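Colleague: There's a structure below that I have some questions on.
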Amino acid sequence: MKVGLVTYSPEKVEGFDQHVFYAKWADGSLFPAAEEMQNDVTCFCDAKAIREKPDLVAISKSGPALRKNRKLNIPFDFVCPTNEAYRNRVLSFIEELGRNKIQGVTLNLYHFPEEEFCVCPRCVELWRESGQNWTVWKTQTITDFIGEAKKRVKNEFAVEIWPDPFLAKERFGIDFEKIAEYIDYFHVPLSAIDYTTMYWVDMLTRDFIKILKKPVVVELSAEMPNDKKTEALLKTMAYLSRHDLKSILLLVHNSENARQICRFAVRNQELRCWFDKHGFKEMSRIIENWAKSY
Ligand SMILES: [Zn+2]
């Protein structure tokens, strides 16, 4: 099992074997490709594009897919996935990334915002023309987009998934089985303020490993402000390391944040003994490796 970072700065950190860099953000910011890293592209969430052109937004009977629409619980501002001009912009960006020496591309938020989306006149027309039921049409639309993106990625290709193992088709148009044919692995963010309560992380990891037909990578939030929370994060990593994961990724805001976690683990003898005593071999190996640099 590898251990890696998800970061906002294209800087490699010692002790981590994989780096995921956010090349396109949900606020619309774009960054140059990060070489030898996995470049993560937020596809249909783009607050800037919607501010500039409000008719890009995905629509439901309860209104637009905007954070400020309190009738819905939408964490980002979503563009309608069938807007061809916007879709082509995202595909061109992916193609451009591929001209650099990157490790690969991960797609993020490449789907419909929720079950009741999108009922803009174009989507309704496309759905009617398709002759398919609503969910089948939605999943076909998203699978086609992933197929188009895949044509533009020469190396490692992955998708992030919203951590809902049960309703992904109905809500987002995500068909895990179909997507698995295109990608090398699934990247599942299990984000939290802290992991002092963590049974759900273990549960969702089990579920996804069982149902997904490709290797699974789990991402944990690692911007931990105190020792208690850092220790809870490390214990959560330890439990996850007993599953058959391709890697665990830590979301950090900067490299120093990542180094702090390594230093905390290396110096915490009591915790290292606890991992040894309870047979967390993989976690002990990761910390021994960190101890070479920290
Ligand atoms: Zn639409």
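Computed from the coordinates by the stated procedures, all read-outs in this text should not be read as laboratory data. Everything numeric here is computed off the predicted structure, so don't read it as measured data. Note that we place each Cβ from the backbone using ideal geometry, even for glycine, and neighbour counts take in every protein chain shown.
Colleague: Could you pull out every residue, at least 5 positions away or on a different chain, whose amide H is within less than 5 Å of the one on Leu5? Hs are placed 1.01 Å off N in the peptide plane, and Pro or chain starts have none.
Modeller: Those lying under 5 Å, H to H, from Leu5 are Gln18, His19, Val20, Leu250.
Colleague: Let me ask something else about it. Full-extension gain between Lys68 and Glu35, please, as 0.36 nm times their residue separation minus the C-alpha to C-alpha distance.
Modeller: Values: separation 33, 0.36 × 33 = 11.88 nm, distance 3.59 nm.
Computed gain between Lys68 and Glu35 is 8.3 nm.
Colleague: With viscosity set to 0.692 mPa s at 37 °C, what whole-number translational diffusion coefficient in µm²/s follows for the chain from Stokes-Einstein and a Kirkwood radius over Cα pairs? Display every interim value, and only then the final one.
Modeller: Values: Rh = 20.0 Å.
So the translational diffusion coefficient is about 164 µm²/s.
Colleague: Could you go through the range 230-245 in sequence order and give the Karplus-derived ³J(HN,Hα) for each residue, using 6.51 cos²θ - 1.76 cosθ + 1.60 with θ = phi - 60°, rounded to whole Hz, and x for Gly and Pro?
Modeller: Those phi angles translate into 5, 4, 4, 4, 5, 5, 5, 4, 4, 5, 5, 5, 7, 8, 7, 9 Hz.
Colleague: Another question about this same structure. Using modelled backbone amide H atoms (1.01 Å from N, in-plane), which distant-in-sequence or interchain residues come within less than 5 Å of His187's amide H?
Modeller: Answer set, sorted by chain and number: Val159, Glu160, Ile161, Val217.
Colleague: Sticking with this one: Would you be so kind as to identify which of Trp162, Tyr199, Trp274 lies farthest towards the positive end of the dipole of the chain, taking Lys and Arg as +1 and Asp and Glu as -1 on Cβ and the Cα centre as origin?
Modeller: The residue sitting most towards the positive pole is Trp274.
Colleague: Treating only the Cβ of Lys, Arg, Asp and Glu as charged (+1, +1, -1, -1), what charge dipole size does the chain show about its Cα centre? Round to the nearest 20 debye.
Modeller: The dipole of the chain has a size of about 180 debye.
Colleague: Can you give the FRET efficiency to the nearest 0.05 for Arg51 and Asn155, using r as the Cβ-Cβ distance and R₀ = 22 Å?
Modeller: 0.10
Colleague: Let me ask another. Of Met203, Met237, Met1, how do they rank once you tally other Cβ atoms within 10 Å and put the fewest first? Could the numbers behind the result be given before it?
Modeller: Values: Met203 12, Met237 26, Met1 18.
So the residues, fewest neighbours to most, are Met203, Met1, Met237.
Colleague: Considering the options Leu56, Asn39, Leu249, tell which one lies farthest towards the positive end of the dipole of the chain, charges being +1 on Lys and Arg and -1 on Asp and Glu at the Cβ, about the Cα centre.
Modeller: Farthest towards the positive pole: Leu249.
Colleague: Then there is this: In nm, what is the difference between 0.36 nm times the number of residues separating Asn88 and Ser293 and their Cα-Cα distance?
Modeller: Details: separation 205, 0.36 × 205 = 73.80 nm, distance 4.36 nm.
Additional length available on full extension: 69.4 nm.
Colleague: May I pose another question? Each residue of the range 197-212 in turn: what ³J(HN,Hα) in whole Hz from Karplus with 6.51, -1.76, 1.60 and θ = phi - 60°, glycine and Pro shown as x?
Modeller: These are the phi-based 3J(HN,Hα) values: 10, 10, 4, 5, 5, 5, 5, 5, 4, 4, 4, 5, 4, 5, 9, 8 Hz.
Colleague: If each residue's Cβ is checked for other Cβ atoms within 10 Å, how do Phe44, Phe21, Phe176 rank with the fewest at the top?
Modeller: On the way: Phe44 29, Phe21 24, Phe176 18.
Starting with the residue having the fewest Cβ neighbours, the order is Phe176, Phe21, Phe44.
Colleague: Can you give me the distance in nm between label points at Ile193 and Trp162, each placed 7 Å from the Cα along the Cα-to-Cβ direction?
Modeller: Using points 7 Å along Cα→Cβ, the separation is 2.3 nm.
Colleague: Which FRET efficiency value, to the nearest 0.05, is calculated for Val136 and Glu115 with the Förster distance at 22 angstrom and r the Cβ-Cβ distance? Intermediate results must be reported in sequence, preceding the final value.
Modeller: On the way: r = 14 Å, r/R0 = 0.64.
Efficiency for this residue pair is about 0.95.
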